[in-house]
Structure formats: C-alpha cells, structure tokens
Amino acid sequence: MGLKAKLGISLAAGAISIATAVVSFYEGYEPTAYRDPVGIPTICYGHTATVRMGQTLSQAECTALLQQDLGDAFAVVDRRAQVELPAPTRAALASFVYNVGAGNFARSTLLRKLNAGDLRGACHELSRWVYAGGRRLNGLVKRRTTERELCLAGLEQEPTP
C-alpha cells in the first residue's frame, strides 16, 4: 500500500495537514489515559506533557492538544533546521519530533546531516529510531518507514517557506 493510500493524504497538502495525518494515524486516538509501551502516561494522540492517569478528555480537547503539540514540534523543526524544507519533509520531521522529543532531535545525527546539507542522508537516519526502552517496536518501524518516505518525497519538490 502506498504512502498516500495509507494515510489518505496528498503530498501537495500543507505540512501541518500532512503531519496531522501521520501523527493521528500512528499515535491512534485514546481519550482515556494509559501507559505507552515504555510506561509513560499518555492520552489522546500521544500527548504526554500534562496527562494524569485516570484522566479522560473529550474529542475536542484531544484535537486541541494534538494541534498544540504539533505546533510545538514544527517550532522545533523550524528553529533547528538551517535549510529550507519542502512541506512533506518538514511534516515528516515534525512527526518525528512529536514522537521522540525536541532534545533527542537537537542531539541527533539526523539534524547534523540535515544542517550539513545532506537532506537525503538525514531522511535515512529516521530508520534508526525504532527502539523504545531498549526494544525494537514494530509500530516505530512502520512509523519511521512512513516518515522516511515522506521526507524523501519532499526532496523531489521545491522548498516552501
């Protein structure tokens, strides 16, 4: 199944629309707090910052958290990337930051390659980030494959500010 069919998105869509589709697809929707595979309290679409076990949120509250968290992830990508990024590449990196956090992104070989102008090499680094709690997780393998495909697809397009 192709990337567009898997996510129901157009690569011509804006970065925020693309990232929303990727994140919501891979994080899934769970309105009641739960522990993720490594024990982190999580709710909605992978939100971890303010969750309390036992908490339940409405669809509207979850959507608002997703938009806020994605906005934060895009801000990190935009602040750290020293190169122009096409929308699909920017979306892939925002999805990655949403999942692994700003600190991991800031310290990554992926970011070093990106800022050295090796965008293709940076995209391929995504495949290395498939472990959580020392375990290789199939869900992360699938997510990183999608992010890598999106990242590379963006390189075929012109950068957009």
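Values quoted throughout were computed directly from the atomic coordinates according to the rules given, and no laboratory measurement underlies them. Bear in mind the structure is a predicted one, so any value in this text is a computation, not a measurement. We place every Cβ from the backbone using ideal geometry, glycine too, and count neighbours over all the protein chains shown.
A full extension of the chain between Q55 and R112 corresponds to an added length of 16.7 nm, given 0.36 nm per residue minus the alpha carbon distance. Against the set (1) 0.93; (2) 1.03; (3) 0.95, the structure's computed Rg/Rh (Cα atoms, Kirkwood Rh) falls on (3). Taking each residue as 0.36 nm, the span from V141 to R35 lengthens on full extension beyond its C-alpha to C-alpha distance by 36.2 nm. Placing +1 on the Cβ of every Lys and Arg and -1 on the Cβ of every Asp and Glu, with nothing else charged, gives the chain a dipole about its Cα centre of roughly 580 debye. Charge tally around Q59: other residues with Cβ under 15 Å, Lys/Arg +1 each, Asp/Glu -1 each, net -3.
Among the helices of the chain, none built from whole DSSP H runs has Cα atoms reaching 30 Å or more along its own axis together with a mean Kyte-Doolittle hydropathy of at least 1.6.
Go ahead and estimate [θ] at 222 nm for the chain from helices alone: -39,500 (n - 2.57) per DSSP H run with n ≥ 4, summed, over the residue count, rounded to 500. Here the helix-only value at 222 nm equals -17000 deg cm²/dmol. Counting other Cβ atoms within 10 Å, which GluC sites (Glu not before Pro) in the stretch 16-115 have at most 16 and lie in a DSSP loop? Counting only loop positions with at most 16 other Cβ atoms within 10 Å, the GluC sites (Glu not before Pro) in the stretch 16-115 are E84. Working from Cα pairs under 8 Å separated by at least six residues, relative contact order for the chain is 22 percent.
Annotation note: chymotrypsin sites (Phe, Trp or Tyr not before Pro) in the stretch 98-161 located in DSSP loop regions with a Cβ neighbour count of at most 13 within 10 Å are absent. Farthest towards the positive end of the charge dipole of the stretch 1-134, among the residues G28, V38, L85, is the Cα of L85, using unit charges on the Cβ of Lys, Arg, Asp and Glu. The stretch 86-106 and the stretch 108-132 have their alpha-carbon centroids 10 Å apart.
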